[in-house]
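Below is one structure, written out as structure tokens, with a few remarks after it.
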Amino acid sequence: MKKKLISIILTAALAVTAGACSAPSAGNVSADTTPAAQTDAAPQGSALEKTEFGLGYLNSTAHLLGFVAQEEGYFAEEGLNVTLTQFSSAAELANGLESGKLDVAFIGSVPSLTFQSQGHDLTIFGGAMTNGHGYVIKHEFNTEGKKGVELLVDRNVASVKNSVQDAELQILLKNAHIQIGDGEGQVHIVYFDSQKDAYAALANDSIDAASVYSPYASLAQSQGYDIVYRCSEEEALKNQPCCRQVASTPNLAANPNSYKAFERALIKAYKFTQENEEGTIADVKKYIDIDEEFIRTEVYGGYGTSVPDPDKQGTKALKDSIVELGYTEDYDIDKLYNTDVYKEALDSLLAEKPDDAVYKQLKEHFDQYE
């Protein structure tokens, strides 16, 4: 496995405002699946406490584990009937979990941490995305084809409050000794509620650059914008955990077998993505309807990865950095971080296929970084 756990001791500085997902848009509903009652797949013979599952995701190719698990029938194999619904906001995803409308949501690591620190009873139990963010700028402000955060000086930059994209920008600006503000020689940040809104703002004359997550970077390039940076290319940001699998803590505690079945399906989906590029791209396109080559670039171009591992160490390091810089209050993250679901799901799959190379790699990584 190419993925390394983040060395993100975001040393210098998360003068951060962070997070990565925000406010619902209507949904992309899942394709039909065989009702769980008609399947014979309860993992390891364990009875599922519930079979109807709601999964919330963003308009991002990075959330492909859910797409593949649905389209390749892995949810159905595990006895689950999963409905996928697209949102555009971390806050709305969290509301969906707390109201019982969703059982799982792919939520950015930073908003997940801030929600937990604010007293929301939400537990992280798996991963969904690492890296995949950056910033783009109008070509007229980059006629020499340069890259780097320096391009944003004296520019109006659309970003998303409480997002990973915003946090990463602030890290890089601090490292480069560039201030945020309205004055000359500074970066002028304009905040929007969602990534979709931030990107759309590029159409306005008043906005010069904008944050992106996959697949917006590829879309931006196709529309004539230039890449300022991709986080995977910045040493300070490499292998940073982004979207996490999040559930209501009481719901997770009440339905352990069902969540284990859900995780088994996502692990199977990850294996599929490692072995079937064309099939993965076809599955993603059913949910993120963009050119297949954009999907290929975002998923297989090395700019981000979609892995179900919880990445607890990396996420804890991010939390500690945020707390150290005064972005949020400290709290006991261990009470709201469950790695048992993933471990048990992976162990059960390895028991069935002990020689599977993908599962073995996942196990090695988990054992080293749990």
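Coordinate-derived values only; no laboratory data. No experiment lies behind these values; they were computed from the predicted model shown. Quick reminder, even Gly has a Cβ in these numbers, built from the backbone with ideal geometry, and neighbours come from all protein chains shown.
Could you work out how far the C-alpha centroid of region 182-202 sits from that of region 66-127, in angstrom? For region 182-202 versus region 66-127, the Cα centre distance is 27 Å.
For region 130-230, which GluC sites (Glu not before Pro) are both in a DSSP coil and crowded by at most 14 other Cβ atoms within 10 Å?
Details: sites: Glu140, Glu144, Glu150, Glu168, Glu184; in loops: Glu144, Glu184.
Sparse-neighbourhood loop GluC sites (Glu not before Pro): Glu144, Glu184.
State whether region 133-237 is rounded, prolate or oblate according to the following rule on the C-alpha gyration tensor (a ≥ b ≥ c being the square roots of its eigenvalues): a/c under 1.5 gives rounded; otherwise a/b larger than b/c gives prolate, and the remaining case gives oblate. Judged from the Cα gyration tensor, region 133-237 comes out rounded (a/c under 1.5).
Students often get this wrong: which residues of region 58-74 have the backbone nitrogen under 13 Å from the point 7 angstrom along Cα-to-C-beta of Ala282? Label zone hits: 71-73. Sorting Leu48, Leu102, Leu350 by the number of Cβ atoms found within 10 Å of their own Cβ, with the fewest placed first, yields Leu350, Leu48, Leu102. For the options Val153, Val110, Val212, a Gaussian network treatment of the chain with springs between C-alpha atoms closer than 10 Å singles out Val153 as fluctuating the most. Between Leu58, Leu252, Leu93, the Gaussian network model of the chain with springs among Cα atoms under 10 angstrom shows the greatest mean-square fluctuation at Leu252. Going from the residue with the fewest nearby Cβ atoms within 10 Å to the one with the most, Phe366, Phe106 rank Phe366, Phe106.
Put in order of Cβ neighbour count within 10 Å, fewest first, the listed residues Ile267, Ile107 become Ile267, Ile107.
Rg to Rh ratio, region 214-345, alpha-carbon atoms and Kirkwood radius? Ratio value, two decimals: 1.01. Taking each of Lys286/Lys312; Lys312/Lys343; Lys101/Lys335; Lys268/Lys335; Lys161/Lys196; Lys147/Lys238 in turn, the alpha-carbon distance tops 19 angstrom for Lys286/Lys312; Lys101/Lys335; Lys268/Lys335. The label-point distance for Asp289 and Gln274, in a model that sets each label 7 Å from Cα toward Cβ, rounds to 3.3 nm. Residues in region 264-277 carry Karplus couplings, in order, of 4, 5, 5, 5, 4, 5, 4, 4, 4, 5, 7, 10, 9, 5 Hz; the curve used is 6.51 cos²θ - 1.76 cosθ + 1.60 with θ = phi - 60°, and Gly or Pro positions show x.
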